[in-house]
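Below is one structure, written out as structure tokens, with a few remarks after it.
Only the coordinates and a few stated rules stand behind these numbers; no lab work does. A quick note: this is a predicted structure, and the numbers were derived from the prediction, not measured. Don't worry about glycine lacking a Cβ; one is built from the backbone with ideal geometry, like all the others, and counts go over all protein chains shown.
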Amino acid sequence: MSLRLLDTLRQRREMRERERRRETVKKVAAGTMIGTAIGALTGLLFAPQSGKETREDIADRARETTEDVKQKVMESVEVIKEGEQKLKEGIKEKIEDLKDRDMIEIEVGHEDVEDLDEEM
């Protein structure tokens with residue numbers, strides 16, 4: 001197999017892996033939110049408080065949970081963006097290296113790099 005084909009296969013594998021990670025982050029965030037909500041409601045329903053106090057507690061915990069989930073999602077998005085940027089830089093470096101060593105079969109133009117940016 002040519003080096004170009006191997007690089008293409010590796011890039012596709014990395015893109016699939018990145019998509020799998022995104023799906024995992026979504027599932028973790030949803031599971032955290034659902035589990036927290038169920039736990040909070042269960043605790044509140046079995047706590048000996050008046051209806052007004054219980055409603056206030058539910059509202060407070062819902063706000064806390066929402067903030068926690070938002071924070072975790074933001075952190076996960078940052079990690080994914082950092083990984084994506086590193087991957088883009090690695091691909092661009094590899095392309096430049098191959099061009100410098102005259103090992104690339106076609107000339108990669110600026111438009112191709114922009115397409116790569118859009119895909120990622």
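Footprinting exposure proxy ranking of Met74, Met15, Met33, fewest other C-beta atoms within 10 angstrom first, gives Met74, Met15, Met33.
Mind checking the full-extension length gain between Arg12 and Asp68? Use 0.36 nm per residue of separation minus the Cα-Cα distance, one decimal, nm.
16.8 nm
Take the residue pairs Lys27/Lys86; Lys27/Lys72; Lys26/Lys81 and return only those whose Cα atoms are more than 22 Å apart. From Lys27/Lys86; Lys27/Lys72; Lys26/Lys81, over 22 Å: Lys27/Lys86.
Taking label points 7 Å from Cα along the Cα-to-Cβ direction, Val79 and Lys99 give a separation of 3.4 nm.
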